[in-house]
Amino acid sequence: MSFSLEDIRHLLLKEHLLKEFVSIKGWHLDVPEKAEFLQLSYDSRKADASTLFFCKGMNFKEEYLDSAIEQGIQYYVSEQPYENSAVGIIVTDIRKAMALLAMAFYDYPQNKLKVIGFTGTKGKTTAAYFTKAILDHTTNKKTALLSTMNTTLDGKTYFKSHLTTPESLDLYRMMAEAVENGMTHLVMEVSSQAYKTQRVYGLTLDVGIFLNISPDHISPIEHPTFDDYFYCKRQLILNSKTVVLNHESDYFDLLKETADLFQIPTITYGRSEKSNYQVIHSDKGTHGFTLSSRQDHLAICDTAYDILLAGGFNQENAASAIIAAALTGASSQDAQAGLKEARVPGRMDQLIQSNGAHVYVDYAHNYLSLKTLLEFAKNEHPDGRVIVVLGSPGNKAISRRHDFGKVLSETADVAFLTADDPAFEDPQKIAEEINEAITNPELIVHYEMDRPEAIRRALAESTSQDSVVIAGKGVDPYQKINGVDEPYEGDYAIVKRLIEE
């Protein structure tokens with residue numbers, strides 16, 4: 001793939017993003033010379049003479065550009081000019097420019113795929129995995145996946161994801177690789193940060209699914225307010241050809257009003273009879289359900305579906321996946337077969353101790369997901385206690401600490417507060433902030449910053465009627481500590497080992 005300086009000028013002018021070219025010849029709107037680029041990068045360690053380099057981010061330092069120039073780059077894109085030997089392509093918005101130029105450089109790979117995007121405070125990964133499992137039957141495993149946990153660009157080989165939604169340069173490179181690998185569909189999670197930082201600027205989804213909303217990611221470095229968080233989430237509706245909405249979501253009326261205002265075709269699902277597709281729990285099978293509709297245009301009713309994951313909320317996630325997959329070519333038979341075998345890493349993994357206590361390992365990491373999980377545990381085991389192991393990440397999503405204290409007060413009986421990706425913060429301090437938000441005087445709280453030991457103590461505390469919930473990390477094999485991804489056994493592996501011992 002190659003890209004000329006004239007191509008870049010044309011694209012940036014068309015989108016009103018170009019301010020000027022800055023070179024030793026002066027400041028101009030015409031290209032100062034002819035040039036071709038063979039790669040795009042925002043990482044000075046991955047740059048050479050053929051690279052168009054992007055100076056992105058609030059934390060960008062001029063030394064990064066100097067380093068890239070030492071590697072051989074001769075052109076950079078930035079919101080401000082720098083005094084050096086390279087030619088500056090100065091733009092009004094670096095992140096919009098990155099997305100625009102990336103999709104063009106990789107020849108608009110999104111147009112060669114059916115792209116399905118999920119957003120919501122909880123359930124994105126589960127619903128995305130469900131959808132891929134269904135479409136694997138439709139496409140003979142020609143479905144790529146970009147999720148919080150893992151990524152696959154060939155439908156079979158997975159690697160750990162760095163971000164829920166990749167930076168735009170990486171996103172379009174991955175899409176292009178998926179196309180090259182013969183993929184026909186892409187299922188992706190779309191985070192609020194992806195819209196806030198323009199990672200998906202210009203991307204139109206074939207199907208966009210809005211699962212739910214509750215306060216999360218509220219912090220000085222993410223979203224300053226819930227209003228900002230919710231507004232960014234809603235951009236998915238405006239950037240979808242068809243939108244699928246959870247009828248039971250908070251603020252549903254505003255979501256539906258947004259879709260109607262911009263004339264986006266909408267399908268709703270949920271437990272309510274008012275939904276276009278009603279989710280009905282089946283008496284047959286532990287986790288079975290059916291869909292009911294007055295107008296079944298997608299031909300997905302009259303089929304019994306079953307999933308491996310417990311919880312009514314996972315049936316709703318599955319319903320969203322069935323609808324999304326059907327809109328892009330799947331049959332009810334594909335959905336039935338895919339859901340029956342779909343597994344989601346670190347989501348609702350269930351183990352049973354020798355004393356009969358049920359243990360649930362789940363990635364639940366915000367108020368809504370934790371509340372839903374603990375309510376499920378309480379309903380499933382009403383005669384026992386709910387024993388919880390959790391922490392909260394450092395240096396981000398500060399509001400979660402108060403939220404966790406609130407949900408523990410509402411639902412838990414015993415809490416072991418521990419470390420969970422503390423980053424550059426003291427995990428004990430984070431745990432104390434969670435405890436400060438706890439208002440239930442009958443809740444028993446323990447501090448144990450050694451996470452495996454906290455899990456061991458929680459299991460030892462349990463009796464046959466109890467449920468033990470290990471929340472926050474699932475199968476994540478790392479703890480983020482002082483800027484380093486320290487190897488971690490993983491919550492599920494720890495529980496399994498302790499039970500077998």
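Each reported figure results from applying straightforward, stated rules to the coordinates on display, with no laboratory input. If you're wondering where the values come from, they're calculated on a predicted model, not measured in any experiment. With ideal geometry, Cβ positions are generated from the backbone for all residues, glycine too; neighbour counts draw on all protein chains shown.
The Cα atoms of region 109-341 cover 46, 40, 32 Å along the three principal axes, with the biggest extent listed first. For Glu489 and Asp228, the FRET efficiency from 1/(1 + (r/R0)^6), where r spans their Cβ atoms and R0 equals 45 Å, is about 0.75. Of the residues Thr164, Ser331, Thr266, the one whose Cα sits farthest towards the positive end of the charge dipole of the chain is Ser331 (charges of +1 on Lys and Arg Cβ, -1 on Asp and Glu Cβ, taken about the Cα centre).
Mind checking which helices in the chain clear 20 Å along their axis (Cα) and have mean Kyte-Doolittle hydropathy of -0.5 or more, DSSP H runs only? Going by DSSP H runs, the hits are 124-139, 312-327. Ordered by the number of other Cβ atoms lying within 10 Å of each residue's own Cβ, fewest first, Phe159, Phe53, Phe262 fall into the sequence Phe159, Phe262, Phe53.
You can think of it this way: the chain between Ser282 and Thr439 has 52.8 nm of extra reach, that is 0.36 nm per residue less the Cα-Cα gap. Of the trypsin sites (Lys or Arg not before Pro) found in region 265-364, the ones in coil according to DSSP and having at most 13 other Cβ atoms within 10 Å of their Cβ are Lys274, Lys284, Arg294, Arg343.
Pair-distance distribution P(r) for region 45-155, from all Cα-Cα distances in 5 Å bins starting at 0: 2, 10, 16, 15, 13, 12, 12, 11, 7, 3, 1, 0 percent.
Charged side chains reduced to their Cβ positions (Lys and Arg at +1, Asp and Glu at -1) give region 109-341 a dipole of some 400 debye around its Cα centre.
Ordering Ser161, Ser464 from the fewest to the most neighbouring beta carbons within 10 Å gives Ser464, Ser161.
Which one of His28, Leu52, Leu12 is farthest out on the positive end of the charge dipole of region 3-105, using unit charges on Cβ (Lys, Arg +1; Asp, Glu -1) and the Cα centre as origin? Farthest along the dipole direction, towards plus: Leu12.
Label region 3-105 by shape, choosing from rounded, prolate and oblate, from the square roots a ≥ b ≥ c of the eigenvalues of the Cα gyration tensor; if a/c is under 1.5 it is rounded, and otherwise prolate applies when a/b is larger than b/c, oblate when it is not. It is rounded, given that a/c, with a ≥ b ≥ c, falls under 1.5.
Simple spin-label estimate for Glu432 and Ala337 gives 5.8 nm between the two label positions (7 Å along the Cα-to-Cβ direction from each Cα).
Taking 0.36 nm per residue of sequence separation and removing the Cα-Cα distance, the Asn482/Ser272 pair yields an extension gain of 70.9 nm. Per residue, the chain reaches -10500 deg cm²/dmol at 222 nm when only DSSP H runs of four or more residues are counted, each adding -39500 (n - 2.57). Straightening the chain between Lys141 and Gln71 buys 21.2 nm, computed as 0.36 nm per residue apart minus the Cα-Cα spacing.
For region 436-472, the residues whose backbone nitrogen is under 12 Å from a point 7 Å from the Cα of Asp383, taken along Cα to Cβ, are 464-466. Taking the square roots of 5 times each eigenvalue of the Cα gyration tensor of region 100-197, largest first, gives ellipsoid semi-axes of 18, 18, 11 Å. The modelled label-to-label distance for the pair Asn395/Glu62, using points 7 Å beyond Cα in the direction of Cβ, is 2.5 nm. If you wrap the tightest convex hull around every Cα atom of region 349-500 and split its volume per residue, you get 87 Å³.
Using C-alpha pairs below 8 Å separated by at least 6 residues, the relative contact order for region 109-341 is 22 percent. May I ask you to derive the FRET efficiency for Glu20 and Tyr82 from their Cβ-Cβ distance with R0 = 22 Å, giving the value to the nearest 0.05? Rounded to the nearest 0.05, the efficiency is 0.95. The order of Ser332, Ser354, Ser67, Ser369, going from fewest to most other C-beta atoms within 10 Å of their C-beta, is Ser354, Ser67, Ser332, Ser369. Distance between the modelled labels on Ser409 and Glu453, one decimal in nanometres: 2.9 nm (7 Å Cα→Cβ projection). Peptides 18-31, 127-140, 170-183 ranked from most to least packed, by the mean per-residue count of other Cβ atoms within 10 Å: 127-140, 170-183, 18-31. In a simple Cβ point-charge model (Lys, Arg +1; Asp, Glu -1; nothing else charged), the chain has a dipole of about 1080 debye relative to its Cα centre. Here Phe424 and Asp48 are evaluated by their C-beta separation; at R0 = 25 Å the FRET efficiency comes out at 0.15.
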